[in-house]
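The values are calculated or read from the model by the stated rules, or taken from the named source; none is laboratory data. Please read all numbers here as calculations on a predicted model, not as lab measurements. Every residue, glycine among them, receives a Cβ derived from its backbone with ideal geometry; neighbour counts consider all protein chains shown. The area values use the complete protein model at the heavy-atom level, side chains included, leaving out ligands, DNA and RNA. Shrake-Rupley method; radii C 1.70, N 1.55, O 1.52, S 1.80 Å.
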Amino acid sequence: MYQHLTDHNLIRNCETRTSYDICKMLKVYVFLCISNVVLAQNLGAFQEVFAWKQVTYDINGIQLLQDRYGDVENERMKRETDRLVFSTVEEQNSNQGSVTTPPDTNADANKFFIQYNNVPMGAEKVGHRLFVAFPRRRYGIPATLNYIDLNDQNGRSPALKPYPNIYSGRSLISVYRTRADTCGRLWMVDTGLLELPVAVNRRQLQPPAIVVFDLKTDQEIFRYTFKESDIPSASTPTGLASITVDITNNCADAYAYVPDLTTNGIIVYSLRDNDSWRITHNYFNFNPLSENLRVSGEYFQWSDGIFSIALSPAGSGCRTAYFHPLISTQEFSISTCLLQNRTASSDRYFFDKLTYLGERGSNSQSTMHDFYEPSRVLFFADIGRDAISCWNTERKLEPQNVAILAQDSERLSYPSDLHITDNEVWVIANKLPRFGYSSLDTNQYNFYIYKANVRDLLSGTVCE
């Protein structure tokens with residue numbers, strides 16, 4: 001491409017038409033333009049694992065390849081399948097005396113599967129399975145949590161299977177992301193909310209809760225419903241989009257940290273005490289200087305607060321919890337000992353105990369990040385620049401110490417989840433702003449999952 005441009009008459013013959021200095025500057029300019037194009041379309045060490053134009057499902061051996069009212073042809077079973085998603089939960093709430101919302105008369109509300117509405121948000125590899133989460137932000141999502149068996153020959157665009165199955169999965173309303181711990185458990189937040197675009201149609205089908213599955217039996221082993229003091233606003237459930245699990249001494253002594261990006265707080269849950277509390281701080285708020293975004297060809301402003309929490313290695317003392325708001329290019333930290341102290345935030349000096357670490361760089365607004373213990377490196381999913389980046393925490397946080405490892409305006413458009421497992425970084429990208437503000441081209445690939453070896457990613461970078 002560069003050779004083609006430099007062979008253009010304007011470049012090839014510029015010495016005969018302009019001064020040497022101007023000609024040289026023109027050639028340098030063309031070279032830099034081409035270099036920037038190449039950089040902006042570079043996946044680096046990442047390899048595509050899966051990609052979809054639109055997702056499909058495999059439900060009990062039945063393939064869902066297009067919009068359908070139910071997962072079987074039989075009309076009676078069709079209606080029962082629809083009930084598995086919402087009605088059963090509403091009946092349970094009704095039995096408990098809860099007020100339920102009248103059924104939506106919108107025709108889409110009666111559809112079991114609307115293919116276009118299924119946009120994957122979270123992806124996590126655990127053993128031989130890849131869990132993929134679809135928060136219910138539209139009608140027609142058969143299961144909010146699904147999986148792919150990596151031992152199968154899946155092809156490029158495998159069908160998803162509901163987790164643990166279509167029937168047991170009805171206990172989950174809307175999950176954004178999962179996180180597995182070292183004790184064979186899969187943690188998540190179920191917002192309990194059918195989060196439709198028009199606020200008047202939103203339906204809180206059950207209270208928001210932490211839900212944990214045993215990965216050996218694929219059984220739900222406990223559910224903790226958040227207290228009223230944890231949920232300060234009716235809008236709070238929309239912001240419970242991630243969870244970080246901290247195993248301290250043993251599997252029974254675990255903590256979960258749940259960022260609240262909507263009403264700007266952290267909900268801390270203690271498994272040992274089966275109790276929760278809420279922490280607030282100004283560092284959890286969005287930065288208005290970072291609210292202008294251009295992603296997937298869309299221009300918009302968001303105000304999402306604290307989004308992701310990543311933990312340093314466990315030692316004899318406290319961990320460092322690294323965190324950032326989505327709408328910010330800054331990084332902060334707090335000791336987990338402070339998070340685990342339910343009265344810490346009432347201390348008059350608490351606000352001085354959080355640390356501002358520095359700036360990651362222009363357009364580095366990030367969804368999820370994760371900590372790689374052997375190298376003490378943080379990896380970031382940067383939505384503002386369609387990139388994956390890294391920072392070695394042994395160095396000062398400033399733009400020159402942050403490396404862009406991969407960047408692609410199409411194939412890495414809105415990297416919505418990132419995690420590290422088995423010395424690999426896994427990423428999912430989903431073009432979410434294009435889905436929300438215009439429309440996806442269903443003839444093109446829209447959703448991608450990638451993986452890369454950590455050593456390959458860091459080699460030769462400032463993070464190494």
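Overview of results
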quantity	calculated
Charge dipole (debye, nearest 20) of the range 337-464; +1 at Cβ of Lys and Arg, -1 at Cβ of Asp and Glu	300 debye
Residues whose placed amide H lies under 5 Å from that of Arg202, excluding near-sequence neighbours	Leu196
Largest-first ordering by accessible area, 1.4 Å probe, given options Thr236, Thr320, Thr56	Thr320, Thr56, Thr236
Listed residues Thr262, Thr217 arranged by accessible area, highest first, probe 1.4 Å	Thr217, Thr262
Within-11-Å neighbourhood charge of Asn264 [Cβ basis; K, R +1; D, E -1]	-1
DSSP beta bridges in the range 296-428 [antiparallel fraction, %, rounded to 5]	95 percent
Per-bin percent of Cα-Cα distances, the range 171-217 [10 Å]	26, 43, 22, 9, 0
Assigned charges on the beta-carbon of Lys, Arg, Asp, Glu; the range 231-358 dipole about Cα centre (debye)	160 debye
Contact order relative to length of the range 224-352, as percent, for alpha carbon pairs under 8 angstrom and 6 or more apart	19 percent
Too-long pairs where the Cα-Cα distance tops 30 Å, listed order kept, from Lys161/Lys227; Lys161/Lys451; Lys227/Lys451; Lys53/Lys216	Lys161/Lys227; Lys227/Lys451; Lys53/Lys216
With DNA, RNA and ligands ignored, accessible area of Met368 (1.4 Å probe; Å², nearest 10)	10 Å²
Net charge over other residues, Cβ less than 13 angstrom from the Cβ of Cys318 (K, R count +1; D, E count -1)	+1
Dipole of the range 367-414, positive direction: furthest Cα of Leu378, Pro399, Thr367, with charges on the beta-carbon	Pro399
Bins of 5 Å from zero: percent of alpha-carbon pairs in the range 107-154	5, 22, 25, 19, 15, 9, 4, 1
Rounded accessible area per residue of the range 116-256, 1.4 Å, Å²	35 Å²
Per residue solvent-accessible surface (Å²) - the range 259-418, probe of 1.4 Å	38 Å²
The range 281-351: C-alpha pair distances exceeding 17 Å, %	54 percent
